[in-house]
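To keep things clear, I will list the structure first and then write my remarks on it.
The values are calculated or read from the model by the stated rules, or taken from the named source; none is laboratory data. Bear in mind the structure is a predicted one, so any value in this text is a computation, not a measurement. No Cβ is skipped: glycine too gets one built from the backbone with ideal geometry, and neighbour counts run over all protein chains shown. Side chains are part of the model used for accessible areas, which takes the heavy atoms of the whole protein and leaves out ligands, DNA and RNA. Shrake-Rupley method; radii C 1.70, N 1.55, O 1.52, S 1.80 Å.
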Amino acid sequence: MATAAMTVAESCAAARGAARVLGAASTEAKDASLGALARLLGERAGDVLEANAADLDDERAAGLSPALRDRLALSEDRVAAMADGVRAVAALDDPVGEVLDHRILASGLELTKLRVPLGVVAVVYEARPNVTIDCAALTIKSGNAIVLRGSHYAERTNGALAAIVREALAEARLPEDAAVLIATGGHEDLAELATQEETVDLLIPRGGEGLKKALKDVATVPVIYAAAGNCHVYVHAEADLEMARRIALNAKTQRPGVCNAAETLLVDAAVAERFLPEALAELRDAGVELVGDDRARAAAGGSGLGAASEDDWSSEYLDLKLAVAVVDSLDEAIDHVNRYGTRHSEAIVTASEEAAARFTAGVDAAVVYANASTRFTDGFEFGMGAEIGNSTQKLHARGPIGLRELTTYKYVVRGDGHVRE
């Protein structure tokens, strides 16, 4: 049984043992544990909020930006939303055992391709304690054990939440070590986790570019990077400008500290002078710091647009700041997005079906929107119940990582004394 005193290697080994049991568990048993988890979150909400308040008051959280403090903070509504997310995952079809292919080979052998769990999934994440519950729910339902390493900012909150997950597993007579929280240490512990080739099947980091680089330098286990989101909204020459204002405002301000918030606004030169003054005034009134290129500043009128630097085009602010540029064409917008974007979520606002089709085909990103905010890139919004992260890679998962993205497959072949000649 994993305990706080165990090493990273010992904790991963405990999760490996639990994964063998959980991988063979029935859908009913897994759903029972999720039902218990949702119930216990309601019953223990006070304990969770008390732990969260202590984390927020800790000197380690004193230097966090308002956006990062928002990511760390929990409330009764946010705990209730976690429980709702668990129930949503429980209501989804169990992917384990799904038949992907079934046929009789020329040799007479019966071949079945089945979906199976990955095994042990490790998740490294920063600030957001709700990730503890989202990840645990998804891995339990998909038959995987999980090793969690959260931020030291949220150490108490994550501990309280992980304890609830383990209690829910035990209540359903599933191994508690199917959810293991390891102590938040330094780079040495992170490197140790990233090299547990014998016990960890997949590592998913959720954090900034610093975390991504730290893992790229040392990881020997497979990694899916739930990476940065330098997302764009492009206002095309044929856009409904009122729609474009609503989308730009939502994409930037609805929750600025998350990876699917917009960081750059691109505006076609044909509509820049009509669109920018009012749109930027709305953004400024919402507290957004605005920087732009020379053409955007000229078209903005008196909207207080500062000068953008080259670094601004590649920055993920995770805060109330937005870079603005004017482009001459759809092709120039696509080139800008593909040059500076992080392949996360990109949006075009246009009344032209042709322009929408060209943008969605030409932009290289996990999710591309036509006439919608980038803020919808989310496992819950996509009907997945929750997500472990958003992959900006192409193998083996892209976009929100849900139940099916936490599985692989195996071939089961049945014969009747067949031998190959």
Margin query: Filter the stretch 162-181 down to the residues that are out of contact with any Leu (no Cβ under 7 Å at 6 or more places or on another chain) and either part of a loop (DSSP other than H, G, I, E, B) or over 15 Å from THR139 (Cα atoms) (or both) and list them by number.
Written below: ALA163, ALA170, GLU171, ALA172, ARG173
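If we keep just the residues of the stretch 369-394 that are open to solvent by less than 40 Å² (accessible area, probe 1.4 Å) and of a type in the set (A, V, I, L, M, F, W, C), which is farthest from ARG246 (Cα to Cα)?
Once the filter is applied, the top-ranked residue is ILE388.
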Item checked: Selected residue [open to solvent by less than 30 Å² (accessible area, probe 1.4 Å), over 16 Å from ALA18 (Cα atoms), modelled with pLDDT under 95 and over 19 Å from the mean Cα position of the chain (by Cα)] from LEU111, LEU190 -> LEU190
Next item on the list: Please indicate, with yes or no, whether at least one residue in the stretch 297-309 is touching a residue at least 40 places away in the same chain (Cβ under 8 Å) and either over 24 Å from ALA356 (Cα atoms) or part of a loop (DSSP other than H, G, I, E, B) (or both).
Entry: no
Item checked: Of residues in the stretch 34-55 being out of contact with any Lys or Arg (no Cβ under 7 Å at 6 or more places or on another chain) and among the hydrophobic types (A, V, I, L, M, F, W, C), the one surrounded by the fewest Cβ atoms within 10 Å (Cβ to Cβ) -> ALA53
Check: Residues in the stretch 403-417: is at least one part of a strand (DSSP E or B) and within 22 Å of VAL233 (Cβ to Cβ)?
Finding: no
Margin query: Go through the stretch 252-274 and report how many residues are closer than 26 Å to PRO400 by Cβ, out of contact with any Cys (no Cβ under 7 Å at 6 or more places or on another chain) and open to solvent by less than 20 Å² (accessible area, probe 1.4 Å).
Written below: 6
Notebook entry, point to check: Looking only at residues in the stretch 211-236 that are among the small types (Gly, Ala, Ser) and free of Cβ contacts under 8 Å to residues at least 40 places away in the same chain, which one is farthest from SER151 (Cα to Cα)?
Noted result: ALA219
Item checked: Among the candidates ALA397, ALA333, ALA355, residue that is in contact with a His (Cβ under 6 Å, 6 or more places away or on another chain), small (Gly, Ala, Ser), open to solvent by less than 20 Å² (accessible area, probe 1.4 Å) and more than 28 Å from ARG69 (Cβ to Cβ) -> ALA355
Check: Hey, HIS102 hits all of (1) part of a helix (DSSP H, G or I); (2) open to solvent by 50 Å² or more (accessible area, probe 1.4 Å) but one; which does it fall short on?
Finding: (1)
Note to self: I need every pair where a residue in the stretch 400-411 that is closer than 12 Å to GLY383 by Cα and touching a residue at least 24 places away in the same chain (Cβ under 8 Å) has its Cβ under 6 Å from the Cβ of a residue that is open to solvent by less than 50 Å² (accessible area, probe 1.4 Å) and basic (Lys, Arg), sequence separation at least 6 or different chains.
What the structure shows: LEU403/LYS141
Note to self: Let me spell it out: the conditions are (1) in contact with an Asp or Glu (Cβ under 7 Å, 6 or more places away or on another chain); (2) open to solvent by 10 Å² or more (accessible area, probe 1.4 Å); (3) outside any loop (DSSP other than H, G, I, E, B), and ARG343 meets all of them except one. Which number is the exception?
What the structure shows: (3)
Item checked: Within the stretch 127-161, tally of residues that are open to solvent by less than 10 Å² (accessible area, probe 1.4 Å) and either touching a strand residue (DSSP E or B) at 6+ places or on another chain (Cβ under 6 Å) or modelled with pLDDT of 95 or more (or both) -> 21
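For the stretch 1-89, give me every one of the helices (runs of 4 or more DSSP H) that falls completely inside it and has 1 or more residues that are within 25 Å of ALA145 (Cβ to Cβ).
On the way: elements: 8-23, 27-43, 45-57, 66-72.
The helices (runs of 4 or more DSSP H) meeting that bar are 8-23, 27-43, 45-57.
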